[in-house]
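Notes follow the structure.
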Amino acid sequence: VKLQGAADPDGLPPAYMSAGCPVLVCALWDVTDRDIDAFSDALIDQIVPEGLKSTAEHVHRARQRCTLRWMNGAAPVVYGYISKDAK
C-alpha cells in the first residue's frame, strides 16, 4: 500500500489487500437486503463461468439487477485490479 497523505490507510479493504487478496468487492454504505442479494446473485452468476478477469465489468452489469440502481446499485465498489490478460 502506497501512502499518499498524512494518515495511514485503515479499515478492512487495505487489510485484505495487504494480506494478498487480488480483488475485493464491498459496499460503501448500507443497502437493502433484497437489492444486495439480487446484486450478489448476478455477480456470482457472471464470475463463476467467466472468472475474475473483468471484475469491474461484472460489478457494473450486476448493478443493473438492483431495484434502486442509483442508491443501492451504486454502493458496491471494486478494490484491487485483475487485468484481462491475467490467467
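The values are calculated or read from the model by the stated rules, or taken from the named source; none is laboratory data. What you see is a predicted model, and the numbers here were worked out from it, not measured in a lab. The area values use the complete protein model at the heavy-atom level, side chains included, leaving out ligands, DNA and RNA. Shrake-Rupley method; radii C 1.70, N 1.55, O 1.52, S 1.80 Å.
Numbers at a glance
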read-out	value
Heavy-atom accessible surface of the chain: percent carbon and sulfur, 1.4 Å	55
Helix 33-50 axis, angle to the chain major axis (alpha carbon atoms, nearest 10°)	80
In Å², nearest 10: area of Ser18 left accessible to a 1.4 Å probe	90
Among Ala62, Ala19, Ala42, residue whose mean-square fluctuation peaks in a GNM of the chain (springs only between Cα atoms under 10 Å)	Ala19
